[in-house]
Structure formats: structure tokens, C-alpha cells
Amino acid sequence: MRIEHRIGIQADTDSIWEVLSDLERWGEWNPFYPRAAGTIRIGETLDIDEHVPGLKVHNIRPVVLDWAPYDHIHWRTVMWRGWASSTRFLEIEELTPSSCIFSNGEVFSGLLASLAVPSAIRPKIRQGFEAMGEALKVEAEKRWQASGKAPK
């Protein structure tokens with residue numbers, strides 16, 4: 001099972017990465033993850049509060065699987081003692097030097113994946129991904145304009 005949201009951002013990869021890679025400041029702009037801490041490094045455990053719309057904020061402790069500057073961050077969360085897991089992806093795809101696509105999603109797997117994420121919650125998760133994508137767009141475009149690199 002896969003849930004994903006994609007959005008175009010009128011900014012360079014540097015500006016998007018600057019916002020995305022600064023976990024400590026996610027709470028300033030990110031409605032889906034109002035608090036995040038940790039180091040983006042393969043094998044590191046992050047400490048993140050997740051707010052799925054309509055549900056209580058809960059803490060997750062995913063492990064970074066892979067990352068590449070200006071490109072992507074992937075992490076895995078194990079649920080139900082390993083009977084289900086999710087791989088979260090935050091990816092930047094450069095279209096031109098001044099525009100990118102941000103893909104924001106999660107792939108759920110394991111024998112109990114459908115029970116771990118009931119069908120009634122899936123649209124709420126997607127709504128959270130949309131809110132995060134929209135907020136990242138606003139913040140990255142604002143920083144890109146402020147950097148002086150954006151066309152006038």
C-alpha cells in the first residue's frame with residue numbers, strides 16, 4: 001500500500017533542501033511533523049511528533065535508511081513488532097534550475113500493513129502529506145526569493 005502527494009515548487013534544490021534538512025526547525029513550518037529532532041544520517045534514529053489530521057499527535061522513532069543532499073530522505077518505521085513497517089520518502093526532483101517536484105509519501109508493507117493503517121485513516125494521512133507539501137512550497141519559495149537567486 002502506498003500513499004503519496006506530489007507538488008511543484010518554484011525554487012532551486014538548494015532552497016528546498018535547506019528547509020527540508022533542518023529537522024530542528026520543522027515545527028516552524030511543518031503541520032504534519034510539528035516537532036522533529038535527530039541527525040539525518042544512515043542508521044540514525046529520529047525523534048518525530050506526527051500529527052495526522054483529525055488524530056492525536058503521536059511520537060514516532062524512525063530509522064534513516066538513505067539520504068542524499070538536495071535529493072531525498074528515506075526512513076523506516078517498524079510497527080507491531082515487525083509485522084508491519086513503513087518506508088517514508090521525501091524526494092526532490094529538479095525539473096529546471098528554478099523548479100522542482102517534491103514527492104512526499106509512504107509505502108506500507110508486512111503481513112499486518114492493512115491493519116496498521118485502516119482504510120478510514122489513509123485519506124487523513126494523504127491530507128497530512130498535502131499540508132506538509134504545501135507548507136514546504138511556501139517556505140522554500142520564500143527562502144528562494146530572499147536568497148536573491150530567483151528571477152525578478
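Evaluating V19 against the criteria (1) in a helix (DSSP H, G or I); (2) open to solvent by 60 Å² or more (accessible area, probe 1.4 Å) leaves one unmet condition, (2).
Looking only at residues of the stretch 82-108 that are of a type in the set (A, V, I, L, M, F, W, C), over 13 Å from L20 (Cβ atoms) and in a strand (DSSP E or B), we find that the one that is most open to solvent (accessible area, probe 1.4 Å) is L95. Scanning the stretch 115-130 for residues that are among the small types (G, A, S) and either in contact with a Lys or Arg (Cβ under 8 Å, 6 or more places away or on another chain) or open to solvent by less than 70 Å² (accessible area, probe 1.4 Å) (or both) gives A116, G128. I'd like to check something: does the stretch 68-76 contain any residue that is surrounded by 15 or more Cβ atoms within 10 Å (Cβ to Cβ), among the hydroxyl-bearing types (S, T, Y), modelled with pLDDT of 95 or more and not in a loop (DSSP other than H, G, I, E, B)? There is no residue in the stretch 68-76 that is surrounded by 15 or more Cβ atoms within 10 Å (Cβ to Cβ), among the hydroxyl-bearing types (S, T, Y), modelled with pLDDT of 95 or more and not in a loop (DSSP other than H, G, I, E, B).
Close Cβ contacts (under 6 Å, 6 or more residues apart or on different chains) running from residues in the stretch 96-125 that are at positive phi to residues that are assigned to a helix (DSSP H, G or I) and at pLDDT below 95 are absent. Only one entry of V64, V52 meets the criterion of being surrounded by 16 or more Cβ atoms within 10 Å (Cβ to Cβ) and assigned to a strand (DSSP E or B), and that entry is V64. Residues that are over 26 Å from R2 (Cα atoms) and loosely packed, with under 14 Cβ neighbours inside 10 Å were ranked within the stretch 131-152; the one that is modelled with the highest pLDDT is A146. When the stretch 1-16 is filtered for residues that are open to solvent by less than 60 Å² (accessible area, probe 1.4 Å) and under 19 Å from F89 (Cβ atoms), the ones remaining, listed by number, are I3, E4, H5, I7, G8, I9, T13, I16.
The values are calculated or read from the model by the stated rules, or taken from the named source; none is laboratory data. Computed from a predicted model, the values in this text were never measured in an experiment. For neighbour counting, all protein chains shown are included, and Cβ atoms are generated from backbone atoms with ideal geometry for every residue, glycine included. Keep in mind that these areas ignore ligands, DNA and RNA; they rest on the heavy atoms of the full protein, side chains included. Shrake-Rupley method; radii C 1.70, N 1.55, O 1.52, S 1.80 Å.
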